[in-house]
Amino acid sequence: MDRHTEVFEIPNSAPIELSFGHVARQADGAVWIQQGGTIVLCTVCANDKQVDTDFVPLTVDYRENFASSGRIPGGFFKRDGRPNESEILTSRLIDRSLRPFFPKGWRYETQLIAILESYDPDYPPDVLAGLGLSAALALSSVPVEQVVAMARVIRREGAFFLNFPTEIAESAELNLVVSGTLDSIVMVEGEMREVPESVLVEALRHAHGMIQDLVRFLERLQATYGKPKRQLEVPPSYPEVQAFIDRQVGDELRRLVRQSLPKAERKAAFEQAFQRVSEALALENPDWALPEVQKAAAAYFAQLKRQVLREAVLSEGVRLDGRQPQDIRPITCEVGILPRTHGSALFTRGETQALATVTLGTKEDEQIIDYATQRGSKKFLLQYNFPPFSTGEVKPLRAPSRREVGHSHLAERALRQVLPTEGDFADYTIRVVSDILESNGSSSMATVCAGALALMDAGVPIKAPVAGIAMGLIWESPERYAVLTDILGDEDALGDMDFKVAGTEKGLTACQMDIKIQHMPYEVLEKALLQAREARLFILEKMRAALPAPRPEISPYAPRVYRIPIPFDLIGAVIGTGGKVIQEIQRTTGTTVTIEQDEKGGVAIIYAQNKDALEKAASIIREIISEPELGQIYSAKVKLLKEAGAIVEFMRGKEGFLHISEIVPHRVEKIEDVLQVGQELLVKYVGIDARTGKYRVSHKAAVNGGDSSAGSAASRPSQPRSGRPPRSRPSSSRPPHRRHP
């Protein structure tokens with residue numbers, strides 16, 4: 001067993017080590033990649049027989065073993081189960097980076113698997129998994145066209161960091177994962193804190209420098225240790241069939257792409273054109289009716305369709321729906337259309353439409369995160385749904401697809417940057433749901449726009465509205481290309497770039513880019529970002545026209561929230577034994593109360609459906625944490641009888657000692673003669689016992705000032721007045737006036 005290890009040094013960070021030849025030896029390619037204490041096993045396998053499909057049959061699976069963190073999975077079965085959201089997102093990152101470099105005729109089922117075997121929190125595994133799978137491909141017999149590498153670039157306090165420990169990413173203003181080849185960037189995804197476009201371009205240049213070094217490193221591995229590459233079976237070509245199709249429908253397709261038809265009509269027209277040419281082929285030559293020829297004819301037709309669409313844009317600047325390259329489809333924005341939701345918005349851009357809703361919840365509504373690499377909770381959730389009717393199709397409703405998970409994450413990143421981090425809204429759990437009602441390109445960016453409007457409609461004081469736009473590219477050469485604004489679905493499929501950009505008026509908050517060409521100059525990227533900014537500002541104006549700012553009041557159906565500081569030593573009093581006190585507060589007031597604490601103390605966070613319930617719960621908690629006033633009279637209840645006196649509760653959560661001599665003016669032989677458990681009486685707070693440190697109260701001092709002339713009355717302790725007497729409260733005794741009713 002030959003074990004080979006190669007090391008890639010990273011300045012001021014742990015090196016990346018690649019070992020192979022000693023693990024997973026039945027796989028076509030296998031790499032053990034390590035940085036710090038993080039280790040990922042990456043494997044490649046491809047079948048020997050081709051499958052009948054018109055796409056590359058590639059599957060990328062990334063998994064995290066709980067054992068990698070020294071943990072046992074939760075749940076009944078205690079087994080690593082279906083992929084979680086983090087694993088799906090990492091799988092998509094790697095898939096989007098590597099898929100474009102499989103040969104177009106590759107029809108062998110191929111599976112790339114990356115398994116996290118050891119996890120060091122200082123070194124994230126996602127980039128290592130992508131780099132390891134690219135290395136495994138390079139060492140395997142799968143004939144990928146180019147070697148790809150992946151890197152993470154972070155900008156913090158104006159400085160850029162590449163593949164640095166996790167702690168550097170904390171408080172970063174830019175965090176991107178970038179994939180590329182020696183010649184070009186091919187995939188970008190990440191989030192930013194309203195940074196200008198120039199910072200994004202600078203970050204990509206920094207990342208590409210390391211990517212180029214990593215590609216050279218992997219190419220040396222491939223040249224030294226790689227297997228011979230498979231010879232791709234070239235399918236038979238039919239030039240006569242191709243020429244016949246061009247003669248039969250070439251001019252018709254050229255007219256179709258200039259007729260500005262709606263999506264459904266255009267799709268039907270293309271299908272009818274192919275149906276006619278397919279029948280004409282069979283009539284022209286019986287051999288052309290054979291399945292293999294018809295399959296080739298479908299590919300030729302799709303190729304011709306792509307050519308005429310691209311030529312119309314490059315030569316005349318005419319797009320499928322009649323727009324010029326920089327034009328945006330008509331936009332309409334509506335807010336508050338669902339009366340019982342906490343916030344809602346309908347955003348329509350051409351034939352793409354997103355309906356977003358916002359729900360405000362309590363801390364108990366936070367999503368619990370329990371992954372091998374992450375533990376905690378999440379209080380901002382965005383979920384993107386893509387029902388089949390949005391494209392006029394009939395499909396079963398299943399669990400969210402990988403695409404839906406990916407689009408949810410992108411839109412969530414875009415909006416997360418503008419959420420309030422201080423004040424009452426920092427205590428809310430916020431859930432945004434976007435249902436795509438109609439789709440013809442850029443539905444994820446429509447989700448960003450609809451989500452921002454719905455947040456403002458819900459009264460969430462976001463820092464600034466966020467808009468998103470999808471940019472495309474038709475590329476022939478550096479001298480002949482077109483950058484497209486607000487691309488359609490067909491322009492995405494037939495073009496050379498899908499670049500989703502989201503941000504505020506100030507700067508970018510998230511982006512996602514996939515490039516399908518071998519090389520894209522940075523000048524083209526800068527042009528795309530400039531066009532995207534102009535489009536974003538235009539969309540923001542449309543959104544402001546519908547709703548200029550967040551509503552001053554939240555929905556009457558949304559919970560109110562209020563915070564009360566609690567001293568450390570009184571947190572237990574508010575919670576009570578086994579949570580008894582806090583549960584009683586919630587039960588009697590109909591509120592939800594949570595307790596948080598840090599190094600400064602504790603805080604009670606109250607969520608209520610109305611102001612009265614909020615104030616009632618706040619009043620109870622204040623009473624528990626407030627100190628009694630010397631000389632003040634309180635209504636008390638006897639909790640326990642002792643030989644020397646009684647324990648009485650005279651404020652919520654506060655008990656005092658009523659000495660037997662302080663009950664009535666005359667001598668009492670047995671306390672049971674004058675008091676019973678559960679009995680209510682008035683007491684006067686007279687101070688703290690110097691010896692025991694407990695509160696002392698007096699009944700006889702509360703009744704007629706403790707005068708002995710009240711003996712006959714005092715022998716039967718007087719009943720308390722209805723309600724407790726007023727007493728001074730701190731200045732914050734009532735919640736401040738909120739914006740809501």
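Sorted ascending by nearby beta carbons within 10 Å, beginning with the fewest, Thr332, Thr447, Thr90, Thr589 become Thr332, Thr589, Thr90, Thr447. Extension gain for the segment Glu145 to Asp673, taken as residue separation times 0.36 nm less the Cα-Cα distance, is 180.3 nm to one decimal.
Checked against a 19 Å cut-off, the cross-linked pairs Lys263/Lys295; Lys49/Lys104; Lys463/Lys506; Lys580/Lys639 give Cα-Cα distances beyond that limit for Lys263/Lys295. Once the Cβ-Cβ distance of Ala399 and Glu623 is raised to the sixth power relative to R0 = 60 Å, the FRET efficiency obtained is 0.80.
Note on Thr594 and Arg25: the model spin-label points, each 7 Å out from Cα along the C-beta direction, lie 5.3 nm apart.
The slack in the chain from Phe160 to Val603, taken as 0.36 nm per residue of separation less the alpha-carbon distance, amounts to 155.7 nm. Can you tell me the FRET efficiency between Asp122 and Gln275 if r is taken as the Cβ-Cβ distance and R0 is 56 Å, rounded to the nearest 0.05? The computed FRET efficiency comes out at 0.40.
The label-point distance for Gln231 and Leu630, in a model that sets each label 7 Å from Cα toward Cβ, rounds to 10.3 nm. Only one residue of Pro262, Pro291, Pro239 has its Cα farthest out toward the positive end of the dipole of the range 239-316, where Lys and Arg carry +1 and Asp and Glu -1 on Cβ, and that residue is Pro262.
Can you figure out the FRET efficiency of Glu17 with Glu422, using R₀ = 45 Å and their beta-carbon distance, to the nearest 0.05? That pair, Glu17 with Glu422, gives E of 0.55. Put a plus charge on the Cβ of each Lys and Arg, a minus charge on the Cβ of each Asp and Glu, and nothing anywhere else: the dipole of the chain about its Cα centre is then about 2800 debye.
Would you indicate which of [x] 34.5; [y] 31.5; [z] 30.6 is the value of Kirkwood radius over Cα pairs in Å derived from the coordinates of this structure? Structure-derived value, by its label: [z].
Taking square-rooted eigenvalues a ≥ b ≥ c of the alpha carbon gyration tensor, is the range 1-96 rounded, prolate or oblate, where a/c under 1.5 means rounded and, failing that, a/b exceeding b/c means prolate? Let's see the in-between values first.
On the way: a/c = 1.63, a/b = 1.08, b/c = 1.50.
Here the range 1-96 falls in the oblate category.
Can you tell me the 0 to 90 degree angle between the C-alpha axis of helix 443-457 and the longest principal axis of the chain, rounded to 10? Around 20 degrees separate the two axes. Per-residue ellipticity at 222 nm from helix content only, as computed over the chain with -39500 (n - 2.57) for each DSSP H run of at least four residues, stands at -10000 deg cm²/dmol. Against the longest principal axis of the chain, how steep is helix 197-225, in degrees 0 to 90 to the nearest 10, with axes from Cα atoms? It works out to around 60 degrees. Remark: spin-label model distance Thr224-Ser477 equals 4.1 nm, labels positioned 7 Å along the Cα→Cβ axis. Protection proxy ranking of 128-134, 439-445, by the mean of other Cβ atoms within 10 Å over each peptide's residues and highest first, is 128-134, 439-445.
By average Cβ neighbour count within 10 Å, what is the ranking of 633-643, 157-167, 423-433 from highest down?
423-433, 633-643, 157-167
Histogrammed with a bin width of 10 Å, the alpha carbon distances of the range 400-464 distribute as 19, 53, 24, 4 percent, first bin at zero. Among 22-28, 696-702, the peptide with the highest mean count of other Cβ atoms within 10 Å heads the list, and the full ranking is 696-702, 22-28. Compute the Cα gyration tensor for the range 239-316, then decide on rounded, prolate or oblate, letting a ≥ b ≥ c be the square roots of its eigenvalues: rounded whenever a/c is under 1.5, prolate when a/b is larger than b/c in the other cases, and oblate in all that remain. Judged from the Cα gyration tensor, the range 239-316 comes out prolate (a/c at least 1.5, a/b above b/c). Against the main long axis of the alpha-carbon atoms of the chain, helix 611-625 sits at an angle near 60°.
Only one residue of Met651, Leu675, Ala702 has its Cα farthest out toward the positive end of the dipole of the range 633-714, where Lys and Arg carry +1 and Asp and Glu -1 on Cβ, and that residue is Met651.
Segment Glu170..Lys694, full-extension length gain: 183.9 nm, with 0.36 nm per residue of separation and the alpha-carbon distance subtracted.
Bear in mind that the values in this text are calculations on the coordinates, not laboratory data. From a predicted model like this one, the values you see are computed outputs, not experimental measurements. Virtual Cβ from ideal backbone geometry, glycine too; neighbours counted across all protein chains shown.
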